[in-house]
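Written out below as structure tokens is the structure these notes cover.
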Amino acid sequence: MHSFDVYTAVLELEMQDEKEQKQPQTATISTDIAFTAEAGLTQTHKERIQASWYRCEQFGLDHGSRPDFATLPKGTLSDLIDQHRSLLETTENEVLPYYENILSNSACMIVLADRQGHVLNTWGQPRFGSAAQHGLVGGNQWSEMGAGTNAIGTALITGEAIQVGRDEHFLRANRFMVGSASPIYNTKNDLVGVLDISSDAYLPQDHTFGMVKLMSLSVENRLIFSAFQQEHFILSFNTNVVSLDSHWSGILVLDENGTIVSANRRAEVVLARDLALLNINQVFDIEMREIKHHPYSLPMKLIAMGRYQFYVKVIPPVQQIMRVPDFRQRADYVAPPQSEAIVMNKENSSPEKVKDTEKPSSIAIPDNVIPMAELQHGDERVERLVRQAHKIMEKDIPILIHGETGAGKEIFVRSLHYHSSRAKEMLVAVNCAAIPAELVESELFGYEKGAFTGAQNRGSIGLIRRAHRGTLFLDEIGEMPMAVQSRLLRVLQERVVTPLGSTEAFPVDIKLISATNRTLKDEVKEGRFRQDLYYRISGLNIELPALRERTDKAELIRYLHERLRKEEPGPALSSDMLELLVRHPWPGNMRQLAHVLKVGMAMADEEMLEEWHLPDDFFDDLDASASFDLTAPASTEQDEPLERLIPRLLSEFKGNVSQTAKTAGVSRNTVYKYAKGKGNDV
């Protein structure tokens, strides 16, 4: 690019900036670009400088302060340069050559700094003294806190390009130069550095400011091409056909489906909207299939947003990736009915019909999933509800599970999912009580980029869409906020999800299983749960019994103990220990049982599991329970105070703590407590 071309480019860029600022539609610029309201496009240049001076005063600086550059050690600077190698090479090899002819004829320096203001490299020879005087050397930090108002530091705080004149520097020590700086954003719209031109004012200052903005755009565009050109379509657009290859053109990056996966800042400013994850047909009047077949060298004239005319150039991927068409990926794909499967009988080669409920899953069951047949061990009630839920898994009927906390609801759901036809897709488990109320909506339904403060740059697909063609398990659904209940009801009715900040609806196919430890009918009466949502989620209502209520408790404890021993070798379970575990009320249900067994097995260290290996809270629950199945003590013993009864029984049983505890109807801990109080050695 010749000198005249650069001057022309800068002038045209400035004219376009002025024109766009006059257009009302540019007020809706992405929050990632104008991320600081005070330092955004709403402030004049004078107001930005005044705001910076105020910050400097708050930092404790005065005009006579000496700059504190907090110079990095050489080793740290070398590491920093390695981290920013791509940014440095892009700037030096692909951008600076266009401008070196102009810059070589002026006394100025080009400075590249990281997002903390540390100078990574400089180019050019200034006339304003030695490095010790001007401080524009590698490793020095040009932050406002250390160097006062300056182009690099102020551009980093505001996130916008700025020019700081001689007397606009807060520190008198820096008033020998004029600085023009523009931030650099990466492909995710994260600020990664700043480009600065510091001069002795011999260049026209408006031109210098325009040039540094143009250079930062050039760096950003090259970063986009480096990241995406191999496998993505890139669209360049501008209002003038001769400017399509210029650095101030808008750039959109498309995947093979036409989804915008990245864009430069210029595109978002010109189109005045957030472009992340939109389809190209939502921006221009064209479909992706037309773009794929458009000649590379032929610009086309398109209408954007229904009213603005642009010239557009298509740059195809460098690597043409061959993909086999799969029509099942289409949004309107419906799987063929699977009510019957035809299998060949090996003996007579005749077809034999197999019912859905008898089909084995085609996916291996993970080790942490309980096989369906092992969910019950003799309890008829549990056996019946397992059989019912397994059948309903293949129907378009939701399941609502009631049960106490820790009763094994998620274990039950995991087994149902992996023994169903949906096993190849995801099981997405959501604990509605564990997600902060203000985030439930965005986590469930997803959001577009910039939909709210703190949103990820690329947006989020949401948990419901992640469960597409799989199973969505909403645990503790009674904790869901009312506003979110309304949106969930709409999703279940319409079978589509609209992310926050978006107008596009995405179809979803989910098997919904909900669980709660509340009585939802009571919640409906109290106005805390929507009645229409309750009847939408309660297709099959099942009650998962608490561990203390199960008739197969002994077999279940023995089964869980053996599963834990397979994970890590541990001691066997004696009949006395099993009897003690069965007597326990288990207020924490299966979760508490697993915890107690793990602690006891770890304490026993492959020896026989004994009572003293179990945690103290196990015995606290045992003492508090009124339903012990213990040998009834004699009438004289029932009336005798424990502080006399326990020492006496210990003496009779010659210090046998277990026999004493069983006879007295207390836990071993209680025996220890009263025995030590009387000075007994147990």
Rg ratio (alpha-carbon, reference 2.2 N^0.38 Å) - the range 46-101: 1.73
List ARG563, ARG166, ordered by accessible area with a 1.4 Å probe, largest first: ARG166, ARG563
Anisotropy class of the range 478-613 from Cα gyration tensor, a/c 1.5 cut: prolate
Residues with amide H under 5 Å from that of ARG469, placed H, sequence gap 5 or more: ASP509, ILE510
The range 220-308 shape via C-alpha gyration tensor axes, a/c threshold 1.5: rounded
Shape call, the range 421-521: gyration tensor on alpha carbons, a/c limit 1.5: oblate
Estimated FRET transfer efficiency (GLU607, ILE365; beta-carbon r; R0 51 Å; 0.05): 0.95
Net length gained if the chain between MET305 and HIS207 were fully extended (0.36 nm per residue, minus Cα distance): 32.0 nm
Projected label distance in nm at ALA434 and ASP621, using a 7 Å step from Cα toward the beta-carbon: 2.0
Residue-wise HN-Hα coupling along the range 565-573, computed from phi with Karplus coefficients 6.51, -1.76, 1.60 (Hz; x: Gly, Pro): 5, 6, 6, 8, x, x, x, 6, 10
Label-point separation, VAL524 to LEU298 (7 Å along Cα→Cβ), nm: 6.3
Packing rank of 590-600, 403-413, where each peptide gets the mean count of other beta carbons within 10 Å, highest leading: 403-413, 590-600
Listed residue pairs exceeding 19 Å between alpha carbons, taken from LYS521/LYS553; LYS395/LYS424; LYS395/LYS511: LYS521/LYS553
Estimated D of the range 482-557 in µm² per second, where Rh is the Kirkwood radius over Cα pairs and Stokes-Einstein applies at 37 °C, 0.692 mPa s: 217
Rg ratio (alpha-carbon, reference 2.2 N^0.38 Å) - the range 127-259: 1.24
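The values are calculated or read from the model by the stated rules, or taken from the named source; none is laboratory data. Everything quoted here is computed from the prediction, not taken from an experiment. In this analysis, Cβ positions are derived from the backbone assuming ideal geometry, glycine residues included, and neighbour counts consider all displayed protein chains. The accessibility values were calculated without ligands, DNA or RNA, using every heavy atom of the protein model including side chains. Shrake-Rupley method; radii C 1.70, N 1.55, O 1.52, S 1.80 Å.
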